[in-house]
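First comes the structure, then the notes that go with it.
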Amino acid sequence: MRQKTDKFDVIVIGAGPAGLMASIAAAENEAKVLVLDKGDRPGRKLAISGGGRCNVTNAMATEELIRHIPGNGRFLYSALSEFSNQDIISFFKKLGIPLKEEDHGRMFPVNNRAQSVVQALLQELNRLEITLKLNTPVDRVLYEDRITGVRTQTGEIIHAPSVIIAVGGKSVPQTGSTGDGYRWAQDAGHTITDLYPTEVPLTSSDSLIVSKELQGLSLRDATVTLLSPKGKKIQSHRWDLIFTHFGLSGPAILRLSQFVVKALRKYNTATVTVLIDALPDRTLDEVSADLLKRTESAGKKELGSIWKGIVPERYLRCLMNRADVSPTLTVSQLSKEKVRSVAEGLKAFPVRINGTLPIEKAFITGGGVSLKEIHPKTMASRIMPGLYFCGEILDIHGYTGGYNITAAFTTGHAAGTAAGLYAGGQRN
Ligand SMILES: Cc1cc2nc3c(=O)[nH]c(=O)nc-3n(C[C@H](O)[C@H](O)[C@H](O)COP(=O)(O)OP(=O)(O)OC[C@H]3O[C@@H](n4cnc5c(N)ncnc54)[C@H](O)[C@@H]3O)c2cc1C
């Protein structure tokens, strides 16, 4: 049964960081705003970001910020010039949530409480008299030759001259983002580019992984390099990695993952190779020389103890094993070739990657609403008057580290401001 409700200028679908920021920006531009979310907890994904402390943004300069958003970061120049990472930091400070900078420019609330970030946004909604309706899944966005409103799953029709779609991607659907917005965008005539998992752990069926011999082992500050089938370097990242029961994970691997997905598709191949360099500050010759030097005054000590401490012991033993060098060998039993072979393992240990965990387990969804059809300053649809998009539903994706949330806040701010102004124009 269709019901009549209050009149709104702007309907925002989705109460994630993009939608919440969009609603605030629209209300600041005098719009009467309604936010609809299918779940009972707004900002659910935001609250689990950054290991549960909420990685609100990243402090890097704009150029660097954009470099860390390899999925169409350049599209954000215009929106960032209006509402930048520094504006996000000031915004939260004003709301009583000062942020602090940690490694790699990552910004967290000083109190380390993700929920306080969400609460601050909700209080702002309250202050601006924005209506927030939870447990209200939207079923369709309604169009004629322009936006007319939305229909909820219960059949309720709510009219408004502008609608902002901020329902996120398809990753971690238990947080509410189940990819509903792509269908609505297509209904309006928009193109959805290929969707794929990004910032996602990699899988491997190499014996080393299947045997679980390194499961749980972390390498700090290692470099991982993806090779093309012809052995050409495609991309490298340096940070921590972890061996898991299915393959590789950790921040260096997550950063590499989108390039792995693209390489597997581009070369139509079942596996690609990732090389692990556990000692990226030293050359192969230097590592070899260091291993040899340590043996010089070692007398009858076993190699396992001479080389201890270079890398985690389990990793060293695995590499020695692969180079056919028993840890119980003594120096007199060792050839230079064998030393070189262990050094090669330390510098370029190959793992064959056969895929990634599914998109539902990825941190971010790659692909989305094609940016060719979106105005970069306003996030307005170039196809449907009154329609706006923001956040992860757009074909924009960054590395984890606050870049996606920055993109969500920035595009949310642009969409909300423009939708508020547009609705004001429709009123007059
Ligand atoms: C575990 C984890 C850690 C992360 N860590 C980081 C990090 O450190 N740095 C970083 O930059 N990014 C991180 N991200 C990604 C970041 O959280 C997202 O990119 C960001 O939340 C996207 O914001 P959004 O507003 O576009 O969508 P979302 O946050 O996904 O919000 C979408 C909202 O829309 C609602 N919705 C969906 N469908 C409907 C419907 N039909 N009707 C009504 N409502 C609907 C959902 O309930 C949800 O509340 C992380 C993600 C995960 C899963």
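Values in this text are rule-based calculations from the coordinates and carry no lab data. Given the structure is predicted, the values throughout are model-derived calculations rather than measurements. When we count neighbours, we look across all protein chains shown, and the Cβ atoms used for this are built from the backbone with ideal geometry, even at glycine.
Per-structure values
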{"item": "Summed residue charge, Cβ within 14 Å of Ser207's Cβ, Lys/Arg positive, Asp/Glu negative", "result": "+1"}
{"item": "The chain, Rg to Rh (Cα coordinates; Rh as Kirkwood inverse mean 1/r)", "result": "1.09"}
{"item": "Amide H within-cut-off set for Ala380, under 5 Å, with H built and near neighbours excluded", "result": "His375"}
{"item": "Aspartates and glutamates whose Cα lies under 16 Å from that of Lys32, excluding same-chain neighbours fewer than 8 positions away", "result": "Asp6, Asp9, Glu124, Glu129"}
{"item": "Computed label-point distance, nm, for sites Gln86 and Thr193 using a 7 Å Cα→Cβ extension", "result": "2.9"}
{"item": "Helix 336-347 vs. the chain, principal-axis angle (Cα, 0 to 90°, nearest 10)", "result": "10"}
{"item": "5 angstrom amide H check on Leu394, placed H, neighbours 5+ away", "result": "Val369"}
{"item": "Relative contact order computed over the chain (Cα-Cα under 8 Å; 6+ residues apart), in percent", "result": "26"}
{"item": "Per-peptide average of other Cβ atoms within 10 Å, ordering 337-347, 312-322, 185-195 highest first", "result": "337-347, 312-322, 185-195"}
{"item": "Hull-based mean projected area of region 201-356, where the convex hull spans the alpha carbons, in square nanometres", "result": "8.6"}
{"item": "Computed Kirkwood radius, in angstrom, where 1/r is averaged over Cα pairs of region 106-233", "result": "19.9"}
{"item": "Burial ranking of peptide ranges 171-180, 408-417 (average Cβ count within 10 Å, highest at the top)", "result": "408-417, 171-180"}
{"item": "Net charge contributed by nearby residues that have their C-beta within less than 12 Å of Val342 (K/R +1, D/E -1)", "result": "+3"}
{"item": "Net dipole in debye of the chain [+1 Lys, Arg Cβ; -1 Asp, Glu Cβ; about Cα centre; nearest 20]", "result": "680"}
{"item": "Rounded tilt (10° steps) of 251-266 against the dominant C-alpha axis of the chain", "result": "80"}
{"item": "Least to most buried among Cys54, Cys390 (fewest other Cβ within 10 Å first)", "result": "Cys54, Cys390"}
{"item": "Rounded to 5, percent antiparallel among DSSP beta bridges of the chain", "result": "75"}
{"item": "Candidate lysines for bridging to Lys293, where Cα separation is under 16 Å - those fewer than 8 sequence places away on the same chain excluded", "result": "Lys301, Lys308, Lys336, Lys338"}
{"item": "Loop chymotrypsin sites (Phe, Trp or Tyr not before Pro), region 126-197 (other Cβ atoms within 10 Å of the site Cβ: 15 or fewer; DSSP)", "result": "none"}
{"item": "Mean separation of Cα contacts under 8 Å, 6 or more apart, over the residue count of region 201-356: relative contact order %", "result": "29"}
{"item": "As computed over region 271-428, the Cα convex hull volume per residue (Å³)", "result": "154"}
{"item": "C-alpha long axis of helix 403-427 to longest principal axis of the chain, angle in °", "result": "10"}
{"item": "Cβ charges +1 (Lys, Arg) and -1 (Asp, Glu), total dipole of region 201-356, debye", "result": "380"}
{"item": "For Ala270, net neighbour charge (Lys/Arg +1, Asp/Glu -1) across residues whose Cβ lies under 14 Å away", "result": "+2"}
{"item": "For region 153-165, 3J(HN,Hα) per residue [Karplus equation, 6.51 cos²θ - 1.76 cosθ + 1.60, θ = phi - 60°, Hz, x = Gly/Pro]", "result": "5, 7, x, 5, 10, 10, 8, 6, x, 9, 10, 10, 8"}
